[in-house]
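Asker: Below are the structure tokens for one structure; questions will follow.
The values are calculated or read from the model by the stated rules, or taken from the named source; none is laboratory data. Since the model is a prediction, treat every value here as computed from it, not as a measurement. All Cβ positions, glycine included, derive from the backbone under ideal geometry; neighbour counts span all protein chains shown. The protein model used for the area step is the full one, side chains on, heavy atoms only, and it has no ligands, DNA or RNA in it. Shrake-Rupley method; radii C 1.70, N 1.55, O 1.52, S 1.80 Å.
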Amino acid sequence: MEKYFSIEMPGVLFLRNVLLFSLAALAPVLVLYVLLAPGFASALAAGGPALGRFLRQVVTNGLPVVFVVNYVSFFLYALTQRPAGRHRDSAVLLLSDLAIRIVLFLGLHALIYVFSADWFGSFGSSRATALSVVAPTLARSAFFENISGVYLYATMVSALPLYVSAIKQSASLRPLVGFFPQKTGVVVFALLTLLLAVVSLTLVAELIAHLQG
């Protein structure tokens with residue numbers, strides 16, 4: 001992974017790699033969602049407005065969200081590979097990614113929903129309606145009940161290299177990782193951190209939805 005995501009590489013190349021990785025992560029999860037949703041595949045195969053709206057949603061909402069969240073994770077991953085950055089406990093980067101991931105996922109959805117109301121007439125062309133559905137939608141995304149679930153899990157893939165690298169290097173996390181047998185501890189702890197990210201986003205979205213009434 002260091003070959004594709006490094007602080008020293010040209011910025012354009014870094015952005016290109018993030019984009020390619022985002023597309024590669026998004027495509028299989030998107031296909032799975034289409035296949036699992038009853039009647040969705042046949043509706044898209046028929047073409048027409050349904051296919052157009054679906055593609056527009058993916059291009060204007062899904063890809064930007066996945067790209068931006070992935071960019072942050074890969075940038076933080078690149079920081080863990082710098083010798084100068086290893087003097088600081090890498091658990092800080094782990095916590096930073098968790099917090100930034102939640103803020104970006106909520107914030108980008110809100111921004112894009114508002115733009116969709118303005119540009120495409122979505123949500124009855126109402127910005128207020130667009131904002132009001134963000135939290136309830138994301139609260140159910142972890143359960144794969146809407147297309148935002150596709151974007152959520154597509155961004156989880158990019159977090160794994162960061163989490164594994166950060167956990168390996170973290171002195172503060174080493175005792176916790178040591179509870180697991182041999183080298184499986186790093187992977188298990190990384191997967192648990194991914195689960196924590198999903199649960200945290202769901203709880204924050206649920207809280208916001210509850211406060212909205």
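Asker: Which members of segment 2-22 meet the condition of being open to solvent by less than 80 Å² (accessible area, probe 1.4 Å) and touching a residue at least 40 places away in the same chain (Cβ under 8 Å)?
Answerer: Selection gives F5, S6, I7, F14, L15, N17, V18, L19, F21, S22.
Asker: Then there is this: Of the residues G107, G47, which single one is more than 20 Å from T193 (Cα to Cα), under 13 Å from the mean Cα position of the chain (by Cα) and open to solvent by less than 50 Å² (accessible area, probe 1.4 Å)?
Answerer: G107
Asker: What number of residues in segment 61-71 are in contact (Cβ under 8 Å) with a residue 60 or more places away in the chain and either open to solvent by 20 Å² or more (accessible area, probe 1.4 Å) or polar (S, T, N, Q) (or both)?
Answerer: Here the count works out to 2.
Asker: Going through G52, G48 one at a time, which residue ends up being at pLDDT below 90 and out of contact with any helix residue (DSSP H, G or I) (no Cβ under 7 Å at 6 or more places or on another chain)?
Answerer: Just a single option satisfies the conditions, and that option is G48.
Asker: Just to verify a result, which residue in segment 180-213, among those that are in contact (Cβ under 8 Å) with a residue 60 or more places away in the chain and touching a Phe, Trp or Tyr at 6+ places or on another chain (Cβ under 7 Å), is farthest from L131 (Cα to Cα)?
Answerer: T193
Asker: When the residues of segment 86-111 are filtered to those that are assigned to a helix (DSSP H, G or I) and of a type in the set (K, R), which remaining residue is modelled with the highest pLDDT?
Answerer: Here the answer is R101.
Asker: Have a look at F74, F54 and point out the one that is in contact with a Pro (Cβ under 9 Å, 6 or more places away or on another chain), part of a helix (DSSP H, G or I) and either open to solvent by less than 40 Å² (accessible area, probe 1.4 Å) or basic (K, R) (or both).
Answerer: That would be F74, the only listed residue that is in contact with a Pro (Cβ under 9 Å, 6 or more places away or on another chain), part of a helix (DSSP H, G or I) and either open to solvent by less than 40 Å² (accessible area, probe 1.4 Å) or basic (K, R) (or both).
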